[in-house]
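Working notes for the structure below.
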Amino acid sequence: SLVFNGSSDYIYSASQEKFNPRAGDFTFDWWEYRTASTSGKATVSRDIAGGYSPFVFGYSDGTNLLAYITSNGSSWDIANGKTFGTLVLNTWTHYAIMRVGNTFFTTKNGAIQDLWTSSGTILPSTADLSIFRYGSAYTSGYIDEVRMIKGYAAWTDSFTPETKQYGLSGINWSAYTTPPKSGTEITPSVTVTIGAGGVGLDITAANASGSDGYLNLDIYGAPLQSLSPISSVVENTTSVN
């Protein structure tokens, strides 16, 4: 886990299209150990400027942790103070927010806290994604296992949170006009279809952006142990290249 002092510590990542859920399904979940209930401090926001950030999760009103989401940048029209439940201090607590179709719901330690519907498209942004900072407010405490999934909800009902670290799995992809990940991002205009076969992956990409581009793939896999342990590994040079 990471510790934050509440006055200057925070984490940020430069903007990527994968941080824009838009109208699609998504999951954002984390474990936190908050050490102060100060109002106005949040767990994650789509940018650090404050105001109508596309989304703000884990925002404290002094008593509860709340979710705010906008589609227009001028009002919290998708979520206006939806609750993650009562704020817990000095205890590791798991929080999550999911979207499935037009249904949103929040959970605390796997129990549903709030549920609502909206067909709105979450405002896309080119700002940083920040953790434990919103505007000029810094959150104090510890955080661990922060995860964002774009494309599906990890849970669709009450659940028991995992108590061990997450493993990376699946395939993340993006597309830019200049390699490796620079120039103009054209990810929203590129469709990638991936099929797993008996001897490998079949990857098909269609580019509707009107610009030449470069496809970036990050592939994560969990090893499977056979009854006869593998004793050697051979890399296919063509595939590696």
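The values are calculated or read from the model by the stated rules, or taken from the named source; none is laboratory data. Just so it is clear, the structure is predicted and the values come from calculations on it, not from any experiment. So basically every Cβ, Gly included, is an ideal-geometry build from the backbone, and we count neighbours across all protein chains shown. We work out accessible area using only protein heavy atoms, side chains counted, and drop any ligands, DNA or RNA first. Shrake-Rupley method; radii C 1.70, N 1.55, O 1.52, S 1.80 Å.
Kindly indicate whether residue 31 is out of contact with any Leu (no Cβ under 6 Å at 6 or more places or on another chain), open to solvent by 10 Å² or more (accessible area, probe 1.4 Å) and under 20 Å from residue 6 (Cβ atoms). Judged against the criteria, residue 31 is a match.
Can you tell me which residues in the range 17-43 are of a type outside the set (A, V, I, L, M, F, W, C), part of a loop (DSSP other than H, G, I, E, B) and within 18 Å of residue 71 (Cα to Cα)? Across the range 17-43, the qualifying residues are 20, 21, 22, 24, 25.
Taking the range 66-89 as the region of interest, how many residues are under 18 Å from the mean Cα position of the chain (by Cα), in a strand (DSSP E or B) and touching a residue at least 40 places away in the same chain (Cβ under 8 Å)? Looking only at that region, the number is 2. Condition check: farther than 30 Å from residue 216 by Cβ and crowded, with 17+ Cβ neighbours inside 10 Å. Does residue 89 satisfy that? For residue 89, the condition - farther than 30 Å from residue 216 by Cβ and crowded, with 17+ Cβ neighbours inside 10 Å - is not met. Selection of the range 23-40 for residues being within 13 Å of residue 137 (Cβ to Cβ) and either of a type in the set (A, V, I, L, M, F, W, C) or under 19 Å from the mean Cα position of the chain (by Cα) (or both) yields only 36.
On the stretch given as the range 102-141, residues that are crowded, with 16+ Cβ neighbours inside 10 Å and in a strand (DSSP E or B) total 17.
Identify the single condition in (1) surrounded by fewer than 15 Cβ atoms within 10 Å (Cβ to Cβ); (2) of a type in the set (Phe, Trp, Tyr); (3) within 22 Å of residue 10 (Cβ to Cβ); (4) touching a residue at least 24 places away in the same chain (Cβ under 8 Å) that residue 152 does not satisfy, given that it satisfies every other one. So residue 152 meets the others, but not (3). For the range 180-202, residues that are out of contact with any Gly (no Cβ under 9 Å at 6 or more places or on another chain), open to solvent by less than 80 Å² (accessible area, probe 1.4 Å) and either part of a loop (DSSP other than H, G, I, E, B) or over 24 Å from residue 99 (Cβ atoms) (or both) total 4. As a summary of the residue check, residue 165 satisfies the conditions (1) open to solvent by 50 Å² or more (accessible area, probe 1.4 Å); (2) under 21 Å from residue 99 (Cβ atoms); (3) modelled with pLDDT of 85 or more except for the one numbered (2).
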